[in-house]
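Asker: After the structure tokens below, expect a handful of questions from me.
The values are calculated or read from the model by the stated rules, or taken from the named source; none is laboratory data. All values derive from a computational prediction rather than experimental measurement. Cβ: placed from backbone, ideal geometry, glycine included. Neighbour counts: every protein chain shown.
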Amino acid sequence: MNFFRQVDLDWMGKAKFFIGLSLTLLLIGGISCVVKGGLRYGIDFKGGTLVYVRFAQAPPIDRIRQGLAAQGLGDSTIQRISDLANPNTNEVVIGLEQRGEGAEALDAGKAAILKALRQTFGSGENSKPDFNATSAAALAEFLARRDPLALGLTPGDRYTQLARRLVDFRDKDRNGIVNSFDELKKVEGSSDVVVNTLRDEFSLGSFAVRNVEIVGPKVGAQLRRQAIWVTLYALAGMLVYIAFRFEWVYGAAAVLAVFHDVLITLGFFSLLNFEISLTVIAALLTLVGYSMNDTIVIFDRIRENLRLMRREPFPVIVNRSINQTLSRTILTSGLTFLTVLVLFLMGGQVLRTFSFALVVGIVVGTYSSFGIAAPMVVAWNNWRSQRGAAGSGSAAGSKPRTGEAPAERLVTAGRR
């Protein structure tokens, strides 16, 4: 599909504009990082506790925040979880950075969050046990002790199976929250006597803890180092491949352009105070591959045109190559951008930073292919041709030539 025919845009004539825009964005991002004391890392990299909580009704975010602040947890983060498939999950994730050292500090953070939730939503220590927070083992032990079905002296296996079915119904069919004990009558093997016994001894809390994730500071620091090295290894591997497939200058230009894309994306994260997590690292690695692919397409067209347009100046060949691949760039980058934009706007809080990194990265990565990588190659070729002209002019005792040499005087970019 070809959107544009006979395009004749002077991309290399606008190279100073693209470079100026990139320097401005890099400067703004760098200043933001310095002012804020660096990037904001998530608990994946800093260490701490994440508690996933589901509520029976829409989560009262302000009330949760007030309850956490009352327990001295005012610096904790609260994020609503939702997605397109199930926008009303009524689930939040509460994050708390580690305070102190050792596993005791991590356990203390988890206990403090749970205590704040229980006191805020009326599930104190003196109230009945919460059925929505009871394990299958504890429930089986209770049923065996009370024996509501009058099974006699050996009811253990029967009640163990019943307890598992009750907990599975709560967790799978009701997503962790049972709003009424009458709902349990739907469970196989449950009778009115069982339900009434549970109603007498248990309460139904307004929330349930779905999952708890704890990351130690050493693990977080190790993950941060590994993320940096993974990104550098990816760039180094691409540099070697492009240097072998084209020329080293093409590889260096492509890697510098991708490195530029990553830095600008991180600058936007600093400006908007978004956290850097493992999902963001995955997005950055995706961005590295996507941006490099677009750059290689342009370089490959330059290599083909070098054989067909030997007498044309090199910048003219580069402009022609970019114009010839413009439809392909708009088609692939445009459709991908629309996809990740929808994911950013409607994908929920969990995918927000992942999709934001791709939204920014696709825009920056697309323009860096023709606005940063290509001008680098042109500048190197101009410098090399001028140096060669100066050397030949000095040897002949004449004035060195300046200006742009035709492509046939340049080293062709490509080795089969």
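Asker: Please go through the stretch 18-37 and give me each residue that is farther than 18 Å from Val258 by Cα and either in contact with a Lys or Arg (Cβ under 8 Å, 6 or more places away or on another chain) or without any contact (Cβ under 8 Å) to a residue 40 or more places away in the chain (or both), ordered by number. Step through it out loud before you land on a result.
Answerer: Initial filter on the stretch 18-37 (farther than 18 Å from Val258 by Cα): 28, 31-37.
Those that are farther than 18 Å from Val258 by Cα and either in contact with a Lys or Arg (Cβ under 8 Å, 6 or more places away or on another chain) or without any contact (Cβ under 8 Å) to a residue 40 or more places away in the chain (or both): Ile31, Val34, Val35, Gly37.
Asker: Moving on. Of the numbered conditions (1) surrounded by 20 or more Cβ atoms within 10 Å (Cβ to Cβ); (2) at pLDDT 85 or above; (3) not small (Gly, Ala, Ser), Phe314 satisfies every one except a single condition; which is it?
Answerer: Tallying (1) surrounded by 20 or more Cβ atoms within 10 Å (Cβ to Cβ); (2) at pLDDT 85 or above; (3) not small (Gly, Ala, Ser), Phe314 fails exactly one: (2).
Asker: Let me ask you something else. Name the single residue that is surrounded by the most Cβ atoms within 10 Å (Cβ to Cβ) among those in the stretch 178-202 being within 13 Å of Leu162 (Cβ to Cβ) and among the β-branched types (Val, Ile, Thr).
Answerer: Only one residue fits best here, namely Val194.
Asker: Which numbered condition in (1) without any contact (Cβ under 8 Å) to a residue 24 or more places away in the chain; (2) assigned by TED's automatic domain parsing to the domain that holds Cys33 is the only one that Val195 fails?
Answerer: Failed condition: (2).
Asker: Let me confirm something: among Glu183, Glu141, which residue is at pLDDT 85 or above, closer than 30 Å to Val92 by Cα, touching a helix residue (DSSP H, G or I) at 6+ places or on another chain (Cβ under 9 Å) and of a type in the set (D, E, K, R)? Write out each step before concluding.
Answerer: Working: Glu141 fails: closer than 30 Å to Val92 by Cα.
Selected residue: Glu183, the only one of Glu183, Glu141 that is at pLDDT 85 or above, closer than 30 Å to Val92 by Cα, touching a helix residue (DSSP H, G or I) at 6+ places or on another chain (Cβ under 9 Å) and of a type in the set (D, E, K, R).
Asker: From (1) closer than 21 Å to Trp383 by Cβ; (2) out of contact with any Ser or Thr (no Cβ under 7 Å at 6 or more places or on another chain); (3) buried (at least 18 other Cβ atoms within 10 Å of the Cβ), pick out the condition that doesn't hold for Thr295.
Answerer: The one condition Thr295 does not meet is (2).
Asker: Select from the stretch 351-382 the residues that are β-branched (Val, Ile, Thr) and out of contact with any His (no Cβ under 9 Å at 6 or more places or on another chain) and list them in ascending order. Before you say what the answer is, go through the steps one by one.
Answerer: At the first step, the residues of the stretch 351-382 found to be β-branched (Val, Ile, Thr) are 353, 359-360, 362-364, 366, 372, 377-378.
Listed by number, the residues that qualify are Thr353, Val359, Val360, Ile362, Val363, Thr366, Val377, Val378.
Asker: Here is a follow-up. When the residues of the stretch 144-177 are narrowed to those that are in contact with a helix residue (DSSP H, G or I) (Cβ under 9 Å, 6 or more places away or on another chain), small (Gly, Ala, Ser) and farther than 22 Å from Thr89 by Cβ, which ends up modelled with the highest pLDDT?
Answerer: Looking at the filtered set, the residue picked out is Ala163.
Asker: Looking at Gly47, Gly42, Gly29 in this structure, which one is touching a Gly at 6+ places or on another chain (Cβ under 8 Å), crowded, with 19+ Cβ neighbours inside 10 Å and either more than 17 Å from Ser76 (Cβ to Cβ) or β-branched (Val, Ile, Thr) (or both)? Step through it out loud before you land on a result.
Answerer: Working: Gly47 fails: either more than 17 Å from Ser76 (Cβ to Cβ) or β-branched (Val, Ile, Thr) (or both); Gly42 fails: either more than 17 Å from Ser76 (Cβ to Cβ) or β-branched (Val, Ile, Thr) (or both).
When all the criteria are applied, what remains is Gly29.
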